[in-house]
Amino acid sequence: MSKKTLIVIGNGMVGHHFLEQLVETPAAADFDIKVFGEEKLLAYDRVHLSEYFGGSTHADLAMGTADWYAENHIDLRLGEQVTGIDRANQTITTPMGDYAYDELVLATGSYPFVPPIKGNEHPHCLVYRTLEDLDSIRASADGVKTGVVVGGGLLGLEAANALKSLGLDAHVVEFAPRLMPVQLDSDGGALLKHKIEELGVQVHTEKATTEIVEGEEARLRMNFSDDTHLETDLIVFSAGIRPQDALARSSELAMGERGGIVINDQCTTSDPHIHAIGECALWSEKIFGLVAPGYTMARTLASVLNGDTEAAFTGADMSTKLKLLGVDVGSIGDAHAQTPGARNIRFNDEQAGHYRRMVISEDGKTLLGAILVGDNSHYDTLLQYALNGIELPENPETLILPESQGGAPALGPDALPETASICSCHNVSKGDICGVIDAGCTDLAGVKAETKASTGCGGCAALLKNVVDSELEKRGVEVSKDICEHFPYSRQDLFNIVKVNGIRTFRTLIRDHGKGHGCDICKPAVASILATCWNEHILATDHVPLQDTNDTFMANMQKNGTYSIVPRVPGGEITPDKLIVLGEVAKEYNLYTKITGGQRVDLFGATLSELPEIWEKLIAAGFETGHAYGKSLRTVKSCVGSTWCRYGVQDSVGMAIFLENRYKGLRSPHKLKMAVSGCTRECAEAQSKDIGVIATENGWNLYVCGNGGMRPRHADLFATDLSDEELISAIDRVLMFYVRTADRLQRTSVWMENLEGGLEYLKQVVLEDSLGIGEELEKHMADLVDTYQCEWKTAVEDPEKRKRFREFVNAPSKKDPVQQWTTERDQRRPLLEEEPA
Amino acid sequence: MKARTSWDVVCTVDDLVPESGVAVWTEDGPVAVFYLPHRLPALFAVSHTDPFTGKNVLARGITGDLKGQPVVASPLYKQHFNLQTGQCLEDEEVAVKTYPVLLDGNNVRVEIPATNKESAVA
Ligand code: SRM
Ligand SMILES: Cc1cc2nc3c(=O)[nH]c(=O)nc-3n(C[C@H](O)[C@H](O)[C@H](O)COP(=O)(O)OP(=O)(O)OC[C@H]3O[C@@H](n4cnc5c(N)ncnc54)[C@H](O)[C@@H]3O)c2cc1C
Ligand code: SF4
Ligand code: FES
């Protein structure tokens, strides 16, 4: 059977999601798939569009990769706009030619509505929808003072924030009497206006613009119908969106009265071979301007094309939870009480700046809608009541009262039915979560990986964590954070106990706060905590027995019981003289040498008793321990940077050496790796490190919580264009917060994935100092930097410590007879078990 | 016939490391001596050879207790061995050899079975 051709018009969020779903089904094999995208860039996350101004690139926002399309044999044609559909012949037309289809999917999204105001064609009148739009806004904002957004809805306020972030005086001009007229009522809108003005964005409501003319002090002048005016250098129109339905209209598909391509529950249009999904589609007279409903349509259509006759789109919830310019706003269901008989309960605390409104059914039993401004902490609970029709408590007002005034606690995850939607971006219900837990998932990170929950907008993170914890607990899985049988505490608890009580030894800690004698789980963890708090030598008598063998002997044990030696080579920069010393020492002790993946040299095959002798020689030549054995900083990889490289914009080697010297020796829950690249070409691979730094024209961009290794994770962009001082302060805080709060053996990547509130929360703690501990974290780091010592130097100088490095305490010259050797490629290596001696 | 044994001096108290182990060479091969001063008895001696890899490393493992039993964790692949009985906690078919050990003044003595001694000599 020859394959049929499936054409998708539009490579936006929904179009891409549709393809992701389709390739998972057997039906994918029946089709040759072609995709046409008018934008030149591969589908990207429009929801997070504004992050582009924060330094994210198209690559950061991209939803897939060109490789993914190639691997799935999808013919992706970007920058090729479809200009016509010939339904009779089943072809489409582009400037490049005609293409035949068997099935056609319209995923053309929507376009920004620009009100018909005289003068709106001026070059500094812009819109806010695509990356190209953002480039235009950035160019227009360069060197000017003022920017106006027309439209005080959700997107308008986001655009205003963007203008502010570009350094402009930002104004919002709204036609309606309040902000966010669709989602909020007048009290909510008034409070939001007040808060936003406090943040420095000027809001002008009830203003109708009559014309845009040349300005006197700025580029433009907006004249309003009340004879007032406003001067500005640029205008961003954000006055609503309109479905991008021109193709459908000209090919005479059934259309809605006010636009939109009419679809049925199967996402099929009036032509059985043409389907529409996302913001261009009109279902039951409704356009959905959010991404989650579009994704649901995409899933539905993929199932339909796969022959699933039951698949149906049945509408979507339009509730929204946002942080606009840092102000919480939530709107749920029938926020305007349009249901007949609906009643309202309002709570308005002008002092605190919190407004909450519940819309409840006539019988008082169900929640129909809600509005929240200033504090979204009640959102999850209210949303679950509304979505699942859970019966309200007898005094429903307790749901929005502060707890001090008799407010009810949040709805426990137990009270949610199996069908309760936890993550609407990825359509994950409580039942789905129970399913993966029953199939063997035992932690939050696992559930996220399996279900994708909380990997979209992230709004469901807190709720997801509650559900997962409660379900694990129910199944008797120990959600117990106890580190082991000796301490009824998590690593974080132990850290606090040690710090607050000034405990300096494991004995004291276990005597006063634990039981038994400890084990190989708690001892190294406590050793690491003690080191972070007091920074005593790890071979101090009290600490020796706590360490893993690698830490005890400050070298990594190899498979035959010998050790490796890794001197620190900060930033990977090394003098010829030092290289020669490495060579000489290796030769003298017959050590196998290898360049590591961390830009330094590893010397393998030293016996226990040789270690101090070798280190004595290395230290004399100016080397220090490289902590290759410790849960601590490994290397700070660098690229050659502006000193030599013709593209470099900062001295990446210098910064890498500085960072390596600053953080060397810091004991942490797991090892730490960093890298510094001199420009965006990123030769140091900084985005795969716990801490990644990339030079920009204006300073440094900081990335955090990347990981190579077993489960690679791309680092998250954390802050941009930092000065040297800002960079160090941010890294100090991130590291110290990690060291204090992570679990044992938890890399920063997993820590971040389990951190409630995720990246945003970490930014608040570090960049906005929301917990007020910023200074303390920096001070703690400064103390550790000041008390650094090279452990090997201290050890070789102390005869008592050197005593530890005897293979056999009663036979110093005895060689371990099980260590047998052979030669390969001119170097000595252990004889393998299967090889003859 | 009762096997002959001998109590060999393997090291002194000063050689021991509290809460940890040291390796000694005996006529029965390498032996790990552990000194856990906070329990009774405080001295343990087991073979230094990790039965899973055949490498001489057990004295360099972390000591502790699991469910009340004194244990050492192999530094290579982290299996636990009961210091009193030699039993591996993860695999009931595996055990390490144990030796009686005692403190005689300043000397640490380990009892080496004579049969092994003879075979070692032979
Ligand atoms: C020597 C080296 C391989 C080489 O020949 O290049 C190496 C060798 C070892 N790695 Fe590695 N890793 C080495 C670079 C890396 C890198 C690449 C890098 O750092 O740029 C990675 C991936 C990056 C990352 O960590 O995100 C890497 C990911 C791992 C992992 C997986 C960590 C994870 O989060 O998934 C382990 C296992 C672990 O730590 O639990 C590991 C563990 C080990 C151990 C410690 C395994 C062990 O317990 O014996 C090896 C000890 C070597 C030794 O005795 O010195 N090694 N290892 C590299 C030493 C770099 C250095 O100069 O310090
Ligand atoms: C700044 C901003 C913030 C947002 N925030 C949120 C949010 O917080 N939460 C939320 O749920 N939603 C949010 N949205 C809305 C969300 O981005 C959209 O719902 C979503 O992108 C819709 O996906 P889509 O695929 O239908 O349309 P799009 O992503 O717009 O994709 C349509 C694509 O089709 C292409 N196209 C159109 N016509 C043609 C043609 N003739 N030939 C070829 N290609 C064509 C277009 O160029 C476009 O690339 C936001 C949108 C913006 C702009
Ligand atoms: S990849 Fe595996 S084998 Fe290679 S060095 Fe790392 S841990 Fe060892
Ligand atoms: S609701 Fe958006 S990620 Fe879960």
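The values are calculated or read from the model by the stated rules, or taken from the named source; none is laboratory data. Remember, it's a predicted structure, so these values are computed and weren't measured experimentally. Backbone-built Cβ (ideal geometry, glycine too); neighbour counts: all protein chains shown. These area figures cover heavy atoms from the full protein model, side chains too; ligands, DNA and RNA do not enter into them. Shrake-Rupley method; radii C 1.70, N 1.55, O 1.52, S 1.80 Å.
Leaving out ligands and nucleic acids, note down the accessible area per residue over chain A with a 1.4 angstrom probe, in whole Å².
For chain A, the solvent-accessible area averages 43 Å² per residue.
Indicate the gyration tensor shape class of the stretch A:460-567 (rounded, prolate or oblate), computed on the Cα atoms with a ≥ b ≥ c the square roots of the eigenvalues: a/c under 1.5 is rounded; otherwise a/b larger than b/c is prolate and the rest oblate.
On the way: a/c = 2.21, a/b = 1.57, b/c = 1.41.
Verdict is prolate for the stretch A:460-567.
Long-range amide H contacts for A:Val236: which residues qualify at under 5 Å (H placed 1.01 Å from N, peptide plane, sequence gap of 5 or more or a different chain)?
A:Leu126, A:Val148, A:Val149, A:Val150
With the crude spin-label approximation of a point 7 Å out along Cα→Cβ, what separation in nm comes out for A:Tyr788 versus B:Phe52?
Here the answer is 3.5 nm between the modelled labels.
Could you state the angle between the C-alpha long axis of helix A:652-663 and the longest principal axis of the C-alpha atoms of chain A, as a value from 0 to 90 degrees rounded to the nearest 10?
70 degrees
For the stretch B:6-120, just say rounded, prolate or oblate: build the C-alpha gyration tensor, square-root its eigenvalues into a ≥ b ≥ c, call rounded for a/c under 1.5, and beyond that prolate if a/b exceeds b/c, oblate if not.
It is oblate, given that a/c is not under 1.5 and a/b is not larger than b/c.
So if I place +1 on the C-beta of Lys and Arg and -1 on the C-beta of Asp and Glu, and nothing else carries charge, what would the dipole magnitude of chain A be about its Cα centre? I want it in debye, nearest 20.
Numbers: 81 positive and 122 negative charges, 534 e Å.
It comes to approximately 2560 debye.
Using +1 at the Cβ of each Lys and Arg and -1 at the Cβ of each Asp and Glu in the stretch A:504-543, identify which of A:His513, A:Ala540, A:Ala525 lies farthest towards the dipole's positive end.
Positive-most Cα among the choices belongs to A:His513.
Taking the alpha-carbon centroid of each part, what is the distance from the stretch A:355-380 to the stretch A:237-256 in angstrom?
34 Å
Under 8 Å for C-alpha pairs, at least 6 residues apart: give me the relative contact order for chain A, rounded to a whole percent.
Reported relative contact order: 7 percent.
Are there any GluC sites (Glu not before Pro) in the stretch A:65-152 that are in a DSSP loop and have at most 11 other Cβ atoms within 10 Å? List them by number. Mind showing how you got there, number by number?
Details: sites: A:Glu71, A:Glu80, A:Glu103, A:Glu121, A:Glu132; in loops: A:Glu80, A:Glu121.
Loop-located and lightly packed - A:Glu121.
What distance in nm lies between label points placed 7 Å from Cα along the C-beta direction at A:Asp724 and A:Thr442?
Inter-label distance under the simple model: 4.8 nm.
Hey, got the dipole for the stretch B:6-120? About the Cα centre, +1 on K and R Cβ, -1 on D and E Cβ, debye to the nearest 20?
200 debye
At a 1.4 Å probe radius, carbon and sulfur cover how many percent of the accessible area of chain B?
Carbon and sulfur together cover 53 percent of it.
If you filter the stretch B:1-84 for chymotrypsin sites (Phe, Trp or Tyr not before Pro), then keep DSSP loop positions with at most 13 other Cβ within 10 Å, what is left? The partial results should precede the final answer.
Working: sites: B:Trp7, B:Trp25, B:Phe34, B:Tyr35, B:Phe44, B:Phe52, B:Tyr77, B:Phe81; in loops: B:Phe52, B:Tyr77.
When the chymotrypsin sites (Phe, Trp or Tyr not before Pro) of the stretch B:1-84 are filtered for loop state and at most 13 Cβ neighbours within 10 Å, B:Tyr77 remain.
When the dipole is taken about the Cα centre of the stretch A:631-789, and only Lys, Arg (+1) and Asp, Glu (-1) are charged at their Cβ, what size is it in debye, to the nearest 20?
With only Lys, Arg, Asp and Glu charged at Cβ, the dipole is about 980 debye.
Apply 1/(1 + (r/R0)^6) to the Cβ-Cβ distance of A:Lys814 and A:Thr541, taking R0 = 22 Å, and write down the FRET efficiency to the nearest 0.05.
The value I calculate is 0.30.
So how far apart, in nm, are the two label points at A:Arg681 and A:Lys594 if each is 7 Å from Cα heading toward Cβ?
2.9 nm
Tell me, what is the percent relative contact order of the stretch A:491-547, built from C-alpha pairs under 8 Å that lie six or more residues apart?
Values: 42 pairs, mean separation 21.1, N = 57.
Worked out over the stretch A:491-547, it gives 37 percent.
Under 17 Å between alpha carbons, and skipping anything fewer than 8 positions from A:Lys145 in its own chain: which aspartates and glutamates qualify?
A:Asp169, A:Glu214, A:Glu216, A:Glu217, A:Glu231, A:Asp233
Add +1 for every Lys or Arg and -1 for every Asp or Glu among the other residues with Cβ under 12 Å from the Cβ of A:Phe288, and state the total. Walk me through the intermediate numbers first.
Details: positive: A:Lys286; negative: A:Glu279, A:Glu285, A:Asp317.
Cβ neighbours under 12 Å give a net charge of -2.
What is the distance in Å between the Cα centroid of the stretch A:605-642 and that of the stretch A:8-44?
So the separation of the two Cα centres works out to 51 Å.
Summing both sides, how much accessible area is buried between B and A? Use a 1.4 Å probe and give Å² to the nearest 100. Present the calculation step by step, with values, prior to reporting the outcome.
Details: alone 6920 and 37850 Å², together 41890 Å².
Summed over both sides, the interface buries about 2900 Å².
Tell me the angle of helix A:491-501 to the major Cα principal axis of chain A, expressed in degrees between 0 and 90 and rounded to the nearest ten.
Once rounded, one gets 70 degrees.
Positive end of the charge dipole of chain A (Lys, Arg +1 and Asp, Glu -1 on Cβ, about the Cα centre): tell me which of A:Met655, A:Leu322, A:Phe604 has its Cα farthest that way.
Value: A:Phe604.
Ignoring ligands, DNA and RNA, what percent of the 1.4 Å accessible area of chain A is carbon and sulfur?
On the way: 17510 of 36390 Å².
Summing carbon and sulfur atoms, their accessible area is 48 percent of the total for chain A.
Does the protein assembly as shown come out rounded, prolate or oblate by the C-alpha gyration tensor, with a ≥ b ≥ c the root eigenvalues, rounded set by a/c under 1.5 and, if not, prolate when a/b is larger than b/c and oblate if not? Numbers along the way, then the final one.
Values: a/c = 2.10, a/b = 2.00, b/c = 1.05.
Because a/c hits 1.5 or more and a/b exceeds b/c, the protein assembly as shown counts as prolate.
Whole angstrom only: what separates the Cα centroid of the stretch A:314-343 from the Cα centroid of the stretch A:687-747?
36 Å
Only Cα pairs under 8 Å and at least 6 apart count here; give the relative contact order of the stretch A:652-732 as a rounded whole percent.
Normalised by residue count, the contact order of the stretch A:652-732 is 20 percent.
Report the FRET efficiency, 1/(1 + (r/R0)^6), for A:Val500 and A:Ser770, where r is their Cβ-Cβ distance and R0 is 25 Å, rounded to 0.05.
Efficiency computed from Cβ-Cβ geometry: 0.70.
Compute the accessible area per residue over the stretch B:5-122, keeping the other protein chains in place, probe 1.4 Å, unit Å².
For the stretch B:5-122, the solvent-accessible area averages 41 Å² per residue.
Which of A:Ser749, A:His486, A:Pro417 sits farthest toward the positive end of the charge dipole of the protein assembly as shown, with +1 on the Cβ of Lys and Arg and -1 on the Cβ of Asp and Glu?
Sorting the options by dipole projection puts first A:His486.
Under 10 Å, Cα contacts only: if you run a Gaussian network model on chain B, which one of B:Val57, B:Val94, B:Val110 comes out with the highest mean-square fluctuation?
B:Val94
Give the accessible area for A:Arg138 in Å² (nearest 10); use a 1.4 Å probe, count only protein heavy atoms, and leave out ligands, DNA and RNA.
Counting only protein heavy atoms, the figure is 100 Å².
Trypsin sites (Lys or Arg not before Pro), restricted to the stretch B:1-96: which are DSSP loop and have at most 15 other Cβ atoms within 10 Å? Spell out each step's value before the answer.
Working: sites: B:Lys2, B:Arg4, B:Arg39, B:Lys55, B:Arg60, B:Lys67, B:Lys78; in loops: B:Lys2, B:Arg4, B:Arg39, B:Lys55, B:Lys67, B:Lys78.
Loop-located and lightly packed - B:Lys2, B:Arg4, B:Arg39, B:Lys67, B:Lys78.
Can you give me the angle between helix A:774-786 and the longest principal axis of chain A, using Cα atoms only, in degrees from 0 to 90, rounded to the nearest 10?
It works out to around 20 degrees.
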